[in-house]
């Protein structure tokens with residue numbers, strides 16, 4: 001007999017995957033998943049010598065939206081609720097793992113979606129939309145069924161991209177000084193100027209000239 005796989009929403013305190021909080025396992029899997037990707041055309045910028053340089057687009061996080069149902073009416077007793085105490089408690093668990101800010105960082109938790117190959121190449125994200133509708137009630141007015149719509153949006157964070165930045169080297173965070181530029185940082189940090197565009201993408205810079213004195217620049221390890 002083939003074992004059923006359930007979609008899991010795994011919650012973390014950050015994007016490294018090391019600070020695990022808990023997970024929310026769907027009782028019934030979604031029947032569809034909406035995937036939205038946005039792109040910006042790469043524009044050209046001028047270097048000091050007048051040469052054309054590609055301008056990296058800002059990070060465009062992929063959005064995953066899906067609907068699912070949780071039911072405590074007895075119709076699907078063979079499938080356990082996410083929280084054994086009932087519908088309200090299950091929804092509170094979902095909110096706690098996805099939208100309630102962490103008391104230390106004051107940021108919403110980061111989540112990673114697990115279900116077969118559906119999210120194999122996705123990054124960590126945050127819940128940017130949560131809606132639930134109660135559909136069925138007992139004689140006391142307690143909900144017995146809820147339909148939930150969830151939207152998860154990928155976040156721009158250097159450690160998300162393990163495909164290109166996957167080295168045991170230490171990440172460096174230098175302070176930008178006068179006359180610094182991305183090509184210089186690329187040469188000094190990676191012995192190659194070709195990574196300046198990737199540095200701009202990691203730091204969510206809309207232009208390679210968008211450097212301010214005194215600001216911090218994230219230079220993660222690169223797998224060459």
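Observations, loosely collected:
- Subtracting the Cα-Cα distance of residue 89 and residue 60 from their residue separation scaled by 0.36 nm leaves 7.0 nm.
- Projecting label points 7 angstrom from Cα along Cα→Cβ for residue 188 and residue 73 puts them 6.5 nm apart.
- Order of 155, 127 - criterion: other Cβ atoms within 10 Å of each residue's Cβ, fewest first: 155, 127
- 111, 176 arranged by Cβ crowding within 10 Å, fewest neighbours leading: 176, 111
- Here the extension length gained between residue 134 and residue 28 equals 36.6 nm, from 0.36 nm per residue of separation less the Cα-Cα distance.
- The residues 62, 206, 15, when put in order of fewest to most other Cβ atoms within 10 Å, stand as 206, 62, 15.
Throughout, read-outs are computed from the coordinates displayed, never taken from laboratory work. All values derive from a computational prediction rather than experimental measurement. For neighbour counting, all protein chains shown are included, and Cβ atoms are generated from backbone atoms with ideal geometry for every residue, glycine included.
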